[in-house]
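The values are calculated or read from the model by the stated rules, or taken from the named source; none is laboratory data. No experiment lies behind these values; they were computed from the predicted model shown. Quick reminder, even Gly has a Cβ in these numbers, built from the backbone with ideal geometry, and neighbours come from all protein chains shown. In case anyone asks, the SASA skips ligands and DNA or RNA and just uses the protein heavy atoms, side chains included. Shrake-Rupley method; radii C 1.70, N 1.55, O 1.52, S 1.80 Å.
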Amino acid sequence: MANNPALAAAFERDEPAFVPYLAAGDPDYDASIEYVEALARGGADVIELGLPFSEPIAEGTTIQDAIVRALDAGMTPDRYFEFVEDLDVDVPLVCMTYYNLLYQYGDELGPRPFVEKAADVGLTGFVVPDLPAEEADPLRAACDEFDLDLVFIVAPTTRGERLDRMREQVSGYVYVQARLGTTGARDDVSDQTEVSLSRIDDWDVPKAVGFGIKEGDHAARIVRAGADGAIVGSALVDIVAAGEENDDPVADVADRLETKAHELKQGALRGAEQRAEASGD
Amino acid sequence: MANNPALAAAFERDEPAFVPYLAAGDPDYDASIEYVEALARGGADVIELGLPFSEPIAEGTTIQDAIVRALDAGMTPDRYFEFVEDLDVDVPLVCMTYYNLLYQYGDELGPRPFVEKAADVGLTGFVVPDLPAEEADPLRAACDEFDLDLVFIVAPTTRGERLDRMREQVSGYVYVQARLGTTGARDDVSDQTEVSLSRIDDWDVPKAVGFGIKEGDHAARIVRAGADGAIVGSALVDIVAAGEENDDPVADVADRLETKAHELKQGALRGAEQRAEASGD
Amino acid sequence: GKFGQYGGQYVPEALMPAIEELTDAYERYVLDNEDGFMDEFRERLRDFGGRPTPLQYADQLSERYDTDVYLKREDLLHGGAHKLNNALGQVLLAKYMGKDRIIAETGAGQHGTATAMAAAHLDMPCEIYMGRTDINRQRPNVFRMRLNGAEVNPVTVGRGTLKEAISETMRDWATTVETTHYVIGSIVGPDPFPRMVRDFHRVISDEMREQSLDRLGRLPDSVLACAGGGSNTMGAFAEFVDDDAVDLVAVEAGGSSLTVDEDEGVAPNSATLSTGVEGVLHGARTKLLQDSDGQIMESHSVSAGLDYAGVGPELAYLVDEGRVTPVNVGDDAALEGFHRLSQEEGIIPALETAHAFGYLHENPDAVGDVTLINVSGRGDKDLETVIEETEKRDLDVDVEMSVFESSGGAM
Amino acid sequence: GKFGQYGGQYVPEALMPAIEELTDAYERYVLDNEDGFMDEFRERLRDFGGRPTPLQYADQLSERYDTDVYLKREDLLHGGAHKLNNALGQVLLAKYMGKDRIIAETGAGQHGTATAMAAAHLDMPCEIYMGRTDINRQRPNVFRMRLNGAEVNPVTVGRGTLKEAISETMRDWATTVETTHYVIGSIVGPDPFPRMVRDFHRVISDEMREQSLDRLGRLPDSVLACAGGGSNTMGAFAEFVDDDAVDLVAVEAGGSSLTVDEDEGVAPNSATLSTGVEGVLHGARTKLLQDSDGQIMESHSVSAGLDYAGVGPELAYLVDEGRVTPVNVGDDAALEGFHRLSQEEGIIPALETAHAFGYLHENPDAVGDVTLINVSGRGDKDLETVIEETEKRDLDVDVEMSVFESSGGAM
């Protein structure tokens, strides 16, 4: 199920999707534009573009620090929309942020003004980590009105009725959380992925897996386990953070991001091949 | 009433007694010997010789400091008795100390061993500021046994039954406290003296007044008010303290003490003349 | 689990199962007293906590303001504040739920110390998240937590204070949710926390109401309580909400000013009920101090325990309904209230509590003939702050500490 | 007014009339409840002080020592220690006597803060004498006294600690005796103080006995209390003295050693009941730490509140009679007791109190099946000392405070 054709198209190609995340405006507006465009060049199929919120309760320290950098550099919802318009990329952009920013935007309380503006600048959907299915009706309605998608996160702890409720609400893709905890690159990608995917096997949305994917091999492994896409955030934010810390030229950091994106995309593709071999397709 | 003939004799002369106080061993053994002897030369009729106790609750800061100096220089009850023996003076010595030192001395608890030793070295009596008449029976008994006197302090607050109890116990002389508070030289000598003296008018012991007498004129005033003697402590201890502080030669300090003693004795004599004139004797 | 439009459960999906499990446990153990949970809770509150706490007539204040002032002495509860009611309730509940680890956030350290005490008492491993800044300025409370055997985890992100500590604790919980219970320290967070924390603190107003009827034969005209997150507030109000004739006054920290610096993202107050705007923070929809974009402001109060940009959703609702009156009192008046209660009644209150006395002083005619004030905590923790902040100011009530400088003798 | 050969009234004559006046007031108001004095006292103890304090079952200690351990929670009394019972009683008595000024001595500051609180509560001017050394090492308690409006007079003579402060307060009293009452802080001093202070603290054992009978249907096998001057001790024992089957154990501070340095005049302990010799100090005949000449020793304990060279004459008597068993516990064991109670029961005790738990740990078989321990005060005042003293030692129970050094993040 999908509202937004562009986002739907990204998952309809006959290959696993690579879905990188960066916080918009990290470490500053101009550099961030370069970095996001580098991801696109590196093979991103969808980009989750973070709109920084001051209390990011679902993020680990890596992304938290990125958010602080972006806020300090002056990122706001309005600047975010400009940022999206300024980007020269040809992949669908999904807005990842917290509910309060959606709720406060515009003249009336509630998510509709934000969604309207998001549609206007060409965003394709939302991931809102602090908005469970139970509280999502107003955002769902606005998304439906403006043909945007609303992605939900399925956690390892999500079971039974909760899965049903989420299945009713989700569109675009489902974000499968590979392990408990907050975002952050880890060396292990949990075996839980396969189990988690099996629980939502019959959902009619693409399944993208995130949390802890750091290298091409990780991406390969989760795709082999059945994922339709690999979501990668912290491993990319680490590159931005290192560049910032070492005062590296923006172009160098952008190159590194492109290279990393390429590695991850290739990993995902490798995983798809392995899956095909394994299943004898 | 008196047990000790020497002490009795000191008050039986036809003039007011001058009763100075010093802490034995302040600031050290040898100097203290000189100082006490200087008081005798200056005209002392009786000397109250303090045996330093670590918790002198009835003393003001001046004498308290003297006691600390004496203790630091090694004064103990046994050294005190040596001290008395070493003194070359011809006036009766009264031991002023706290009850615990009397109580602990010797092989058995209780004041008897101390009193026995005191009699042995030639002391004539005791002033024990923390021993009210109610608790004095054992010490009284020992004093009677060894012909020593037991002086009590009558305070401005002492009234009625308490006076009667004290009258039964007192011997040698009665120490009339000129004002409330602890020992210490003050510029004023309270008008309370006359009132206090009138309360014990008919007691058959000499009345010596202390607390706050600092100059010859003070001594004159209390004698004029009816006192049989003037007790002076802090004003003399101040001289010792100043000498110690300025590192003055012992002989100089002794001279000053002798001069001061003389002034006080003369003041007392002047008071007696004025009293005689006023009563038309 | 909502209070009008307020409340709800705005948390990461990974936590939702735990929230559902907790809701179930709350309903069974707390609301239905399953397995005698509430009986054990009340018994431990009595024996370990020292309940009931007295309702004391304040001789001096009553005379000064010409009205009968009664003090609800939550400062006498074990640990020195009302906080133990909730901490003990939640740690005990975690035990009934079979959890084997406790985590909590703390700002000034009061909730952290209460949780550490309760966890030690009930033999549960406990970790407390506390901002680095708060750790450095609240050393005694850190000592107390460590002495009670709790781990104290410094949170270095952001300004290193309460709101960062809450976010960090939620992150821990998202990782460990299957074995761990998160003891939230106020009537905030996702449902069922606001209801549950209120119910653990409800004993305050339950006793107040009974003591008032027993002693005075009547209900009070007003109940005053300071309000930060709002746990002592709702604890003191809960049983009076249906008594329409009893005024319920929530005294917030007016800080140094009610105006806001949007550019710096700083509100020099924590008057959320008076000036906040509806939004979503830390799991609930409620009134918040936020800028026009929805970014959360740094709040400020001389009292660390009121220094929070949100407020319990139930209080937000009761204010909108007109049942609770929000008022606010600035730093200066709170400090004066602190000194006045210390000097005149012999009770050194927490700086949080002192705000309620600041309000009484400024509005003695507004509280009716009988007013009950919740003395939510004692002020031992605030001594250094009070002395420092008092020295900076020219207050009506004051005290000087020159005894430390002087070196002269006593006589 | 004597306990066997102990007690009496060894004070300067100037004070005797005040002592007689006080004796009269004690007999009329305290013993005979004239003008409803005791009724008002009990009411204020309840409402202002927070009585009754709980008798709490100690789950963890009971299991550890395989005996039923109950804690009498005097640490929950207003001010954080049993001291308020006496301070409130005496300040109220002074008011009934028509005095218009209060003076008191304090060592660690617990009695001083209790007196300052009581004086503020009852609107009486108050001055506290405190050694210069103690002032500098007990700053929080000095702050509390000042905040409650009391003057704090530094005593610079000698070592500048408790015994000098007592002497100095007696000096003040000798000057101002007509308008001033001296609130002595323990069951020491001239009669009627030891009897009177005991009677104000008697409520502790009165409640313990009743709680024991109510809860257990029986009396305990033993009652443990720490003993410095002995006020919490006699408070915890008084009502049990006639119950011959109840062992009464006074736990003194063994300090670093029971041996004595005569040359330096220092006893590195305050085990007066165990090692002291009969003598006269501060108005009473009792057991004392003194050298063979009768000079009073400097006592020592890691716990400032036990650090006194004397002891209440009634306790000295009860020890001689065999009714009270004196035992002693060294600094190390007291510190371990402190940590154990903090970590296992969630109660941070005063270092004084901790001695009783040190004894329990060393002698779990000596206390019978049911033992009641008086938790005479809370340990907030001792945090810095405990951390410092713990770091110096290699204890069985320990806690490290590295959270302050670390600068890493939490995750």
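Structure summary
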{"item": "Exposed-site-free run, longest, chain B (rule: trypsin sites (Lys or Arg not before Pro); DSSP loop; at most 13 other C-beta within 10 Å)", "result": "B:14-158"}
{"item": "Partner chain coverage, peptide D:42-49 - average Cβ within 10 angstrom", "result": "4"}
{"item": "Positive-end residue, chain C charge dipole about Cα centroid, Cβ charges, pick of C:Leu318, C:Thr371, C:Thr233", "result": "C:Thr233"}
{"item": "Gyration tensor verdict on segment C:68-171 (Cα atoms; rounded if a/c is under 1.5, prolate if a/b is larger than b/c, oblate otherwise)", "result": "oblate"}
{"item": "Cβ-based net charge around C:Asp191, under 12 Å, with every Lys or Arg adding one and every Asp or Glu removing one", "result": "-1"}
{"item": "Surface share of carbon and sulfur [accessible, 1.4 angstrom probe, percent] for segment B:15-276", "result": "40"}
{"item": "About the Cα centre, charge dipole magnitude for chain D (Lys/Arg +1, Asp/Glu -1 at Cβ), debye", "result": "1100"}
{"item": "Residues D:Asp59 and C:Glu264, FRET efficiency given R0 of 45 Å [Cβ-Cβ distance, rounded to 0.05]", "result": "0.35"}
{"item": "Summed buried accessible area for C+D [probe radius 1.4 Å, Å², rounded to 100]", "result": "5400"}
{"item": "Diffusion constant of segment D:1-54 at 4 °C, which comes from Stokes-Einstein with the Kirkwood Cα-pair radius and 1.567 mPa s, µm²/s", "result": "97"}
{"item": "Cα gyration tensor shape of segment A:197-281, rounded if a/c is under 1.5, else prolate or oblate by comparing a/b with b/c", "result": "prolate"}
{"item": "All-pairs Cα distance distribution in segment B:15-276, expressed in whole percent, bin size 10 Å", "result": "8, 33, 39, 19, 2, 0"}
{"item": "Sequence-distant residues sharing a close amide H with D:Val311 (under 5 Å, placed H)", "result": "D:Lys287"}
{"item": "Mean projection area, nm², convex hull over Cα of the protein assembly as shown", "result": "56.8"}
{"item": "Interface residues, segment D:100-126 - accessible area loss of 50 Å² or more versus chain alone, probe 1.4 Å", "result": "D:His121"}
{"item": "Protein accessible area in segment C:277-411, 1.4 Å probe - carbon and sulfur %", "result": "40"}
{"item": "Gyration tensor over alpha-carbon atoms, segment B:1-77, equivalent ellipsoid semi-axes in Å", "result": "26, 14, 11"}
{"item": "Estimated D of chain D in µm² per second, where Rh is the Kirkwood radius over Cα pairs and Stokes-Einstein applies at 4 °C, 1.567 mPa s", "result": "61"}
{"item": "Cα centroid separation, segment A:43-68 to segment B:50-89 (Å)", "result": "81"}
{"item": "Karplus 3J(HN,Hα) series, Hz, for segment D:249-266 with 6.51 cos²θ - 1.76 cosθ + 1.60 (x for Gly, Pro)", "result": "10, 9, 9, 8, 7, x, x, 8, 5, 8, 7, 10, 9, 4, 4, 7, x, 10"}
{"item": "Interface B:D - total buried accessible surface [probe 1.4 Å, Å², rounded to 100]", "result": "3000"}
{"item": "Counted charge near A:Asn100, where neighbours are those whose Cβ lies closer than 14 Å (Asp, Glu -1; Lys, Arg +1)", "result": "-3"}
{"item": "From phi via Karplus (6.51, -1.76, 1.60), per-residue ³J(HN,Hα) for segment C:200-215 in Hz, x at Gly/Pro", "result": "6, 8, 4, 4, 4, 6, 4, 5, 4, 5, 5, 5, 5, 5, 4, 7"}
{"item": "For C:Ser256, residues with placed amide H under 5 Å, excluding near neighbours", "result": "C:Asp331"}
{"item": "Charge context of C:Ile296, other residues only, Cβ under 9 angstrom, K/R +1, D/E -1", "result": "-2"}
{"item": "Whole-Å distance, taken between Cα centres, linking segment D:332-395 and segment B:255-281", "result": "66"}
{"item": "Shielding of C:227-239 by partner chains, average beta-carbon count, 10 Å", "result": "0"}
{"item": "The protein assembly as shown, accessible area per residue, ligands and nucleic acids excluded (1.4 Å, Å²)", "result": "32"}
{"item": "When each of C:Lys2/C:Lys83; D:Lys83/D:Lys392; B:Lys117/B:Lys260 is checked by Cα-Cα distance, pairs over 27 Å", "result": "D:Lys83/D:Lys392; B:Lys117/B:Lys260"}
{"item": "Inter-chain Cβ neighbour average for residues C:71-77, partner chain, 10 Å", "result": "3"}
